[in-house]
């Protein structure tokens with residue numbers, strides 16, 4: 001029996017594809033020659049997740065966040081993380097108004113819909129932790145008062161993987177809250193020449209128009225969660241994540257939050273391909289960007305050049321895909 005024949009209801013993924021294609025086309029006007037990075041960012045949006053962009057300076061990380069916000073017509077704020085940044089500079093602060101004799105809340109930059117946390121690893125762990133509640137609970141608590149954040153809400157944090165002087169490594173709890181880690185990378189020679197032409201007179205970001213409404217995006221997010229996942233594919237996801245906890249090079253494997261992230265991103269990836277059901281190939285395609293950054297590699301393995309990406313590659317080769325027809329045979 002084919003997996004899609006087992007369901008009582010089918011999800012029309014056409015709407016998800018249309019929304020994603022409009023976003024892809026619009027953002028590509030600003031980010032040249034990087035369709036995979038844009039695709040991963042759109043998947044994060046569809047899954048209501050957050051993005052960790054780890055790359056060298058000058059490749060377009062800030063522009064990617066601005067282009068997404070402009071394409072959605074969302075409010076955008078940029079936080080430059082520095083060692084002297086305080087948690088209240090992120091979340092906001094209550095200030096006493098002498099005229100009204102009452103405290104008034106002045107919202108911080110995190111109260112926007114798209115938040116760019118630039119060079120997040122340059123702030124102290126105390127300030128980094130100010131984002132934990134925002135990213136997971138979609139709310140901010142200041143002076144005992146909890147305020148809901150707007151929808152959609154996306155945190156895109158950047159860090160430089162080369163320069164570590166004056167930085168504070170992200171704690172495991174912070175890293176685990178990023179749905180996807182992506183790298184934009186240097187453009188090809190042809191794409192770099194195209195960038196020079198496009199930016200000769202003015203930056204394309206200045207003319208970027210909204211192409212997707214908030215309501216359309218929220219509906220697409222809801223539809224993504226309805227994409228069918230067969231039991232055997234679900235078990236494959238669990239097997240992959242559990243294998244990260246048993247790998248000899250790994251000190252700390254992916255958490256159940258990683259399982260959920262892989263599950264949801266596979267649903268979104270399938271929808272972008274025009275399918276209302278998930279294949280093991282969708283899971284494999286999302287395994288590295290979703291799981292690799294969650295792994296804590298043993299120091300001795302790091303000295304041998306082992307990385308999270310390499311470990312996930314090993315696991316994808318070792319863990320077999322057992323489809324339901326094979327399991328019942």
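When the Gaussian network model of the chain links Cα atoms closer than 10 Å, the mean-square fluctuations of 228, 76, 168 top out at 168. Checking the a/c ratio against 1.5 first, then a/b against b/c, what shape does the Cα gyration tensor give for the range 98-243? Here the range 98-243 falls in the rounded category. Can you work out the PRE-style zone for residue 14? Point 7 Å along Cα to Cβ, and I want the residues of the range 213-255 with backbone N under 17 Å. Answer for the range 213-255: 220, 223-224. With a/c under 1.5 counting as rounded, go ahead and sort the range 159-259 into rounded, prolate or oblate using the C-alpha gyration tensor (a ≥ b ≥ c being the square roots of the eigenvalues; past the cut-off, prolate if a/b is larger than b/c, else oblate). It is oblate, given that a/c is not under 1.5 and a/b is not larger than b/c. Here residue 96 and residue 257 are evaluated by their C-beta separation; at R0 = 30 Å the FRET efficiency comes out at 0.15.
Each peptide in 289-295, 59-65, 145-151, 266-272 receives the mean, over its residues, of other Cβ atoms within 10 Å, and ordering these scores from highest gives 266-272, 289-295, 59-65, 145-151. Remark: the chain projects, on average over all directions, an area of 20.5 nm² (convex hull of Cα atoms). Which value at 222 nm does the chain reach when only helices count, each DSSP H run of 4 or more adding -39,500 (n - 2.57), with the total divided by all residues and rounded to the nearest 500 deg cm²/dmol? Rounded to the nearest 500, it is -13000 deg cm²/dmol. Across the range 1-140, counting alpha-carbon atoms alone, Rg and Dmax equal 19.2, 72 Å.
Over what distance in Å are the Cα centres of the range 185-205 and the range 232-287 separated? Cα centroid to Cα centroid, the span is 35 Å. Once you divide the Cα radius of gyration of the range 227-329 by 2.2 N^0.38 Å, the number left is 1.09. For the chain, the longest principal axis of the Cα atoms and the long axis of helix 308-318 meet at an angle of about 20 degrees. When only Cα pairs below 8 angstrom with a gap of at least 6 residues are kept, the chain shows a relative contact order of 22 percent.
Every read-out reported here was derived from the displayed coordinates using simple, explicitly stated rules and does not represent laboratory data. Only a predicted model underlies this, so the values are computations on that prediction, with no experimental measurement involved. Neighbour counts run over all protein chains shown; Cβ positions are idealised from the backbone, glycine included.
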